[in-house]
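Enquirer: The structure follows.
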Amino acid sequence: MAIKLPFRQIHLDFHTGPAIDDVGQDFDAQAFAKMMAKAHVNSVTLFAKCHHGHLYYDTKRPERHPGLKKGLDLLGQQIEALHRQGIQAPIYLSVLCDEYAANTRPEWLARQPDSSSVKWAKGVFEPGWQILDMSSPYADFLAEQIEEVLRKYRPVDGVFLDMCWDQPSCSTWAIAGMRRAGLNPELEADRATYARQVVHGYMTRYNRLIKRVCGGQSPKVWYNARPQVNLPQEAKYLQHIEIEALPTGGWGYTYFPLNVRFARNFGLPAIGVTARFHKSWADFGGLKPAAALKYECSQMLAHGTDRSVEDQLHPRGRLDPAAYELIGGVYAHVEACEPFCAEARPVTQIGVLRPLDLGSYHVAPGDCLEGVVRALQQLHHQFDFIHAGSDFSSYELIVVPESVQMDGPLAGKIRTYLKAGGAVFFALGAEAPGAVLLPEQGVAAHGPSPFTTTYLRFADPAAAGVARTDHVMYERGLRLTPKAGASVLCRVVEPYFERRWDHFSSHNQTPADRLSKYAAVVAKGRVVTCAFPVFKAYATHGNLPYRALIKMCLDRLLPAPLTRFEGPSHVELTVTRQSRPARTLVHVLSYIPARRTPKLDIVEEATPLVNGQLALRLPKAPRRVTVQPAGREVPFTYVDGYAHLSLTSDHGHDMVVFEG
């Protein structure tokens, strides 16, 4: 049975360097726990060991922080005080980052192929974490620390092991391990393969250690900094999933919805993690606007996850009252929403295939998957990200974005899905000239376009909602022509010539010259194919005709979407469903992140929504409709299988609850 996670968590960082000599000096256990309780917090992740490699509990180990107040068992007192308030207290230990171990046992460091040590910094004299090698005896050193903590504080509410990415290394131990595994340490690909094997090895080892020490009271365990795309292989090591997604830390506001729409499909409870900081982790003195934190936590509510807000405890051990006024205000809203979110499951119609070869922890801005999130959210569709091994049958439509390379097994699975009545939208592009094309697509491919930039001519501009002109396509596509039985929804207009240094016209792309024989969009039956990487194009350029093209294709394939909305495109709609009591919820989020600095999106206030026209597809008329958590009943009509209503709000987050 899946574990139940607390709804309102704090991740309390405590990365404290050894030069600070008054650690815990102002700590008051009772005041600490009472402030957490007042802020509606019901779980706090506490530090046994930080990135500096120091320990914050009563131990004879030499790694105990040299500045920790003599006789103070900081971790133990924190746990005891929180438990008195009915608040859980999972325990944190750092894995790959341990400055104490790096400085005292440098032979344990991960090594580059040139034998230099791996460091999370640009140079020797820049502050940054040194990275340990988990194929070295450091793995045993960490196991001893984990076991000591578990034995001292059991029963333990949870274990959070951080900084667990795949770390290639050319240390003596790593090279020996690669040879034993039949891998060639000279090859970068083999070093990456071995790094993945090392992580899977220590996850297995530490899971067994925790189970052995804790027995029937084994806590929930999380290995942080793993790529979400690894979940098909790594879910077996996990009891829950945490999605670290601080929008102002450089990750943006599409990172969480992109990853949660994938992670929530593995049968494990999930937590979204953000922070109270204005910028990124350890932004002391930086508080984000209340509206931003409410937006981020409400996104988590809307997607069916629990939530955790990261803070960092001051070295002297006293919480910042202003930070907990901010968190408490948001968590009061979360607590009021909980009865409508507990055991709620997302309801979706569209499955978007996600490639599993993107091994990095973060997806770079401008990626086609970000384009999918932006376009489909703005079009108010309900969708998941899935992988080739997922069950397609639960979706009415499968979207195959341009980053997914079609192979024989996937092509066969899609053909089976189509025969069962499904629909598919394909986006292609010049980067996939050898893509497998299905007979059901009704297209012939003639290689990549020789033109970097071409133009789109819609067959019915008015129906597509675009101006009657040729619209620039900034990304290179494939040359496609329709086969018998297929229709062209959009054609390609080609330029006079390809722009070159010695052969160009004017400032930017070459102007349109002639309507070509090639199709931009081809439809046949329940399949639509776009010749261009339209999702990447939308993510990169934000050109509205690209979203209109996506809408035109999806409207054709999904004529009865789960939700319809007449109102601003920034409004996010997410549908969830509870079985007891039987009710369907539409979360309505109305916030606009503004680019107020060169690299930072900021939310300062909720954006009022006036007379937004919402329609939800339901098999029968609901018994009543309310807006929660305000508890306001709203009038509605039920026509042609949809419940219709008008919504005006300045709250930023409302839940429209359809009962019965």
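Enquirer: Can you pull out every residue in region 223-236 that is within 22 Å of residue 149 (Cα to Cα) and buried (at least 21 other Cβ atoms within 10 Å of the Cβ)?
Expert: Once the filter is applied, which keeps residues that are within 22 Å of residue 149 (Cα to Cα) and buried (at least 21 other Cβ atoms within 10 Å of the Cβ), region 223-236 yields only 223.
Enquirer: Residues in region 160-182 that are in contact (Cβ under 8 Å) with a residue 24 or more places away in the chain and on the phi > 0 side of the Ramachandran plot: how many?
Expert: Within region 160-182, residues that are in contact (Cβ under 8 Å) with a residue 24 or more places away in the chain and on the phi > 0 side of the Ramachandran plot number 1.
Residues checked against (1) closer than 25 Å to residue 382 by Cβ; (2) of a type in the set (D, E, K, R):
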position: 261; (1), (2): yes, yes
position: 266; (1), (2): yes, no
position: 269; (1), (2): yes, no
position: 272; (1), (2): yes, no
position: 279; (1), (2): no, yes
position: 285; (1), (2): no, no
position: 297; (1), (2): yes, no
position: 314; (1), (2): no, no
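Conditions (1) in contact with an Asp or Glu (Cβ under 9 Å, 6 or more places away or on another chain); (2) surrounded by 19 or more Cβ atoms within 10 Å (Cβ to Cβ); (3) more than 30 Å from residue 587 (Cβ to Cβ); (4) of a type in the set (Lys, Arg), marked per residue:
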{"residue": "384", "(1), (2), (3), (4)": "no, yes, no, no"}
{"residue": "391", "(1), (2), (3), (4)": "no, no, no, no"}
{"residue": "398", "(1), (2), (3), (4)": "no, yes, no, no"}
{"residue": "401", "(1), (2), (3), (4)": "no, yes, no, no"}
{"residue": "431", "(1), (2), (3), (4)": "yes, no, yes, no"}
{"residue": "447", "(1), (2), (3), (4)": "no, no, yes, no"}
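Enquirer: Going through region 138-160 one residue at a time, which ones are crowded, with 18+ Cβ neighbours inside 10 Å, over 20 Å from residue 103 (Cα atoms) and not aliphatic (A, V, I, L, M)?
Expert: If the condition is that a residue be crowded, with 18+ Cβ neighbours inside 10 Å, over 20 Å from residue 103 (Cα atoms) and not aliphatic (A, V, I, L, M), then 153, 157, 158, 160 are the ones that fit.
Enquirer: Look through region 502-517, keep the residues that are surrounded by 13 or more Cβ atoms within 10 Å (Cβ to Cβ) and among the hydroxyl-bearing types (Ser, Thr, Tyr), and return whichever of them is nearest to the chain's Cα centre (by Cα).
Expert: 510
Enquirer: Oh, and also: Restricting attention to region 290-311, report how many residues are outside any helix (DSSP H, G or I) and either touching a helix residue (DSSP H, G or I) at 6+ places or on another chain (Cβ under 9 Å) or closer than 21 Å to residue 4 by Cβ (or both). Steps first, please.
Expert: The initial filter retains those residues of region 290-311 that are outside any helix (DSSP H, G or I), namely 303-311.
Add one more test, that the residue is either touching a helix residue (DSSP H, G or I) at 6+ places or on another chain (Cβ under 9 Å) or closer than 21 Å to residue 4 by Cβ (or both), and what stays is 303-309, 311.
Selection size over region 290-311: 8.
Enquirer: Within region 24-71, track down each residue that is without any contact (Cβ under 8 Å) to a residue 24 or more places away in the chain and either crowded, with 22+ Cβ neighbours inside 10 Å or touching an Asp or Glu at 6+ places or on another chain (Cβ under 7 Å) (or both).
Expert: Selection gives nothing.
Enquirer: Count, please, the residues in region 137-163 that happen to be in a helix (DSSP H, G or I) and over 16 Å from residue 57 (Cα atoms).
Expert: 5
Enquirer: Test of understanding: among 494, 440, which residue is of a type in the set (Asp, Glu) and under 21 Å from residue 541 (Cβ atoms)? Let's see the steps before the verdict.
Expert: Numbers: 440 fails: under 21 Å from residue 541 (Cβ atoms).
Of 494, 440, the one residue that is of a type in the set (Asp, Glu) and under 21 Å from residue 541 (Cβ atoms) is 494.
Enquirer: Select from region 301-321 the residues that are under 28 Å from the mean Cα position of the chain (by Cα) and hydrophobic (A, V, I, L, M, F, W, C) and write down the one among them that is farthest from residue 656 (Cα to Cα). Before you say what the answer is, go through the steps one by one.
Expert: Quick first cut of region 301-321, residues under 28 Å from the mean Cα position of the chain (by Cα) only: 301-313.
Filter once more, keeping what is hydrophobic (A, V, I, L, M, F, W, C): 301-302, 309, 313.
Values: 301: 13, 302: 11, 309: 25, 313: 37 Å.
Result: 313.
Computed from the coordinates by the stated procedures, all read-outs in this text should not be read as laboratory data. From a predicted model like this one, the values you see are computed outputs, not experimental measurements. Methodologically, a virtual Cβ is constructed for each residue, glycine included, from the backbone with ideal geometry; neighbour enumeration extends over all protein chains shown.
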